[in-house]
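The values are calculated or read from the model by the stated rules, or taken from the named source; none is laboratory data. Every value quoted in this text rests on a predicted model; they were computed, and no experiment measured them. Every residue, glycine as well, gets a Cβ built from its backbone with ideal geometry; the counts of neighbours run over all protein chains shown. Side chains are part of the model used for accessible areas, which takes the heavy atoms of the whole protein and leaves out ligands, DNA and RNA. Shrake-Rupley method; radii C 1.70, N 1.55, O 1.52, S 1.80 Å.
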Amino acid sequence: MPVAAAYRRLLGNRRFLAFFLASAAGDAGYAVYAIAILWLSLEVSGSLVIAGVVLFVEFGVYALSFVVGPLVDRVRDLRSVLLAGYPAQAALAVTLGLLARAGTLTVPILLALVLAISLLWDFTYAATLAVLPRLVSADDLFAANGLASAVSGGQQIGGYAVGAVLLVVVGPGDAAVLYGALNAVAAAFVLGVSAPAAPPARAGFVAELREGFRHLRATRDPPLASLAGLNGVLGFVGGGPAVLIAFVAAHELSGSTAAYGGLFCAFAVGGVVTGLALGALSPRAHVGWVLLVAPALEGAVLLFAVATGPHLLLGAVAWFAVGALDVVFFATLVTVLQATTPRPLLARTVTDVYLPRGAARAFGALAIAALTVVLSPLALAAVIASVLVAAGAGGGVAFPKVRRLRF
C-alpha cells in the first residue's frame, strides 16, 4: 500500500522520528493546558466573561505570529528556535501551576503568564510548521502529518484524559505543572532534530515582512487571500465550542468540573481521530471540498451537541463529533501551505494566513463570552452554528477557486 510504504519511509528518517516525538510531547502538554486554562480562569475569577478575556489574550498574541514569521524564516536550523522555546514555556507553565496550587494566582498574573506563554508559542508554532517540509518531500506531507498525528494524537488523548482527571482530583494548577514538564520532554527530543537550510539573503525585517504579505496577495494557486479570509471568518467562532462546553457545564450540569472535563475531552479526542483520518486518506484531489463541507457540517452538529443539555453520555458523543469536524479546515489548510509554499517563505506564509484567524478568534472569544450573559446555551449555539454553516456554504459560492483546490 502506498500509505504503508510512505509510513515505513518516514519512520526510517531519524530526524523526522525525533521531530514527531517532540511534537507528541508538546501536543500532549498543550492538551493538558487547553483543558485546564479555561476552567482555571473560571476558578480564579468566577466569570465566563473573564475566561473570554483570557482567550482573547491567548489568541490575540497568537495572531501576532506574523511578526515572528520573518525571524523564523531567517533561522538556518529551526532546531534552535524549538530548543529555546520549549524550555521557556516549561518554566512559565510551572510558575503558573505553582501559583494556582498556592492560591496566590490573581487575574492580572494569570493574564500576564498566558500572554508570555502565548508569545513564546508563536515562535515554536511557526518553527514547528516550517520544519516538516525540510524533513520530508511534498508527496509525503499528508502521510507525515498523519503519522505525526498518530503519535501526537495518542499523546493528546492521554493529555486531555489526564488533564480532565487532574481537574477533578487536584485542580487545574497541577495540570499547568504537567504542561511544563511535557514541554521539557519535547525539548529533549528536539535535540535529535536537525533542519538546516541555506541562509536566505536578508533584505531587512520590514522588507521581509512585506515580502510575505505580497506573496499572500499575489498567489492564486492556491488562492491564499481567499483562504486567509475564510480562515478569519471561521476564526471568529473558533473559540465557540470551548466556551459552549464550559457554558453547558456551568448552567446545564450544575457547574460540574467532571462534566466539563469529560465533554472537553470528548471534543478534543474527536479532533485527534480526524487528524489520523486525514493522514490516512490524504485527500489531495478534493481539498477544496474538504475545506468547505466540514465547517457547514460542524455547525449542524454543534447545535445538536448543545441541545443534548444535561444528557452527559449523549452529549459526549455529540461533542466528539463536533471536535472531529472542528479541526478539519485548519489541519487541511496547513498541509496545503506546507506543500505549495516556497520554503524560504513558509513561516511567513503560515503566520500571515493565520493572522485573520488569530485576530478574529481573539475578538470572537470576547464577543461569545459576553453573549453568555444575555443568551441561553442553545441560543448562543444557534448564532455560532449559523456562522459556520454560512462560511462553509457561502465560501463555496464566493470562492470558486477554493472549491476547485487540489495539489
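With the condition kept exactly as written, say whether any residue in the stretch 255-269 is in contact (Cβ under 8 Å) with a residue 60 or more places away in the chain, out of contact with any Gly (no Cβ under 9 Å at 6 or more places or on another chain) and open to solvent by 40 Å² or more (accessible area, probe 1.4 Å).
Step one: list which residues in the stretch 255-269 are in contact (Cβ under 8 Å) with a residue 60 or more places away in the chain, which gives 257-258, 260-262, 264-265, 268-269.
The next check asks that each one be out of contact with any Gly (no Cβ under 9 Å at 6 or more places or on another chain); those that pass are 258, 260.
Remaining after also requiring open to solvent by 40 Å² or more (accessible area, probe 1.4 Å): 258.
Checked against the condition, which is being in contact (Cβ under 8 Å) with a residue 60 or more places away in the chain, out of contact with any Gly (no Cβ under 9 Å at 6 or more places or on another chain) and open to solvent by 40 Å² or more (accessible area, probe 1.4 Å), the stretch 255-269 yields at least one hit.
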- Item | Unique match (being open to solvent by 10 Å² or more (accessible area, probe 1.4 Å), in a helix (DSSP H, G or I), of a type outside the set (G, A, S) and in contact with a helix residue (DSSP H, G or I) (Cβ under 7 Å, 6 or more places away or on another chain)) among F304, F330, F247 | F304
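Would a scan of the stretch 357-379 turn up a residue that is in a helix (DSSP H, G or I), farther than 19 Å from A242 by Cβ and touching a helix residue (DSSP H, G or I) at 6+ places or on another chain (Cβ under 9 Å)?
Initial filter on the stretch 357-379 (in a helix (DSSP H, G or I)): 357-371, 377-379.
Among the residues that remain, those that are also farther than 19 Å from A242 by Cβ are: none.
Within the stretch 357-379, not a single residue is in a helix (DSSP H, G or I), farther than 19 Å from A242 by Cβ and touching a helix residue (DSSP H, G or I) at 6+ places or on another chain (Cβ under 9 Å).
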- Out of (1) at negative phi; (2) open to solvent by 50 Å² or more (accessible area, probe 1.4 Å), the one G103 does not meet is (1)
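Can you give me the number of residues within the stretch 147-204 that are in a helix (DSSP H, G or I), modelled with pLDDT under 85 and not hydroxyl-bearing (S, T, Y)? Working first, answer last.
Restricting attention to the stretch 147-204, the residues satisfying the condition of being in a helix (DSSP H, G or I) are 147-169, 172-190.
Those left that are additionally modelled with pLDDT under 85: 147-169.
Applying the additional criterion that residues be not hydroxyl-bearing (S, T, Y) yields 147-148, 150-151, 153-159, 161-169.
Total meeting the criteria: 20.
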- Message: Being buried (at least 22 other Cβ atoms within 10 Å of the Cβ), among the small types (G, A, S) and farther than 17 Å from N231 by Cα is the filter here; which residues of the stretch 60-85 pass it?
- Response: G69, G85
- Query: Are there any pairs with C-beta distances below 7 angstrom linking a residue in the stretch 29-53 that is more than 28 Å from A186 (Cβ to Cβ) to a residue that is outside any helix (DSSP H, G or I), with the two at least 6 apart or on different chains, and if so which?
  - Reply: L48/T372; V49/V373
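Would you point out which residue out of A367, A393, A382, A398 is in contact with a Ser or Thr (Cβ under 9 Å, 6 or more places away or on another chain), surrounded by fewer than 19 Cβ atoms within 10 Å (Cβ to Cβ) and not aromatic (F, W, Y)?
Numbers: A367 fails: in contact with a Ser or Thr (Cβ under 9 Å, 6 or more places away or on another chain); A393 fails: in contact with a Ser or Thr (Cβ under 9 Å, 6 or more places away or on another chain); A382 fails: in contact with a Ser or Thr (Cβ under 9 Å, 6 or more places away or on another chain).
That would be A398, the only listed residue that is in contact with a Ser or Thr (Cβ under 9 Å, 6 or more places away or on another chain), surrounded by fewer than 19 Cβ atoms within 10 Å (Cβ to Cβ) and not aromatic (F, W, Y).
Residue by residue through the stretch 307-327, note down the ones that are within 18 Å of the chain's Cα centre (by Cα) and open to solvent by 10 Å² or more (accessible area, probe 1.4 Å). Steps first, please.
Restricting attention to the stretch 307-327, the residues satisfying the condition of being within 18 Å of the chain's Cα centre (by Cα) are 319-327.
Scanning the stretch 307-327 gives F320, A321, A324, L325, D326, V327.
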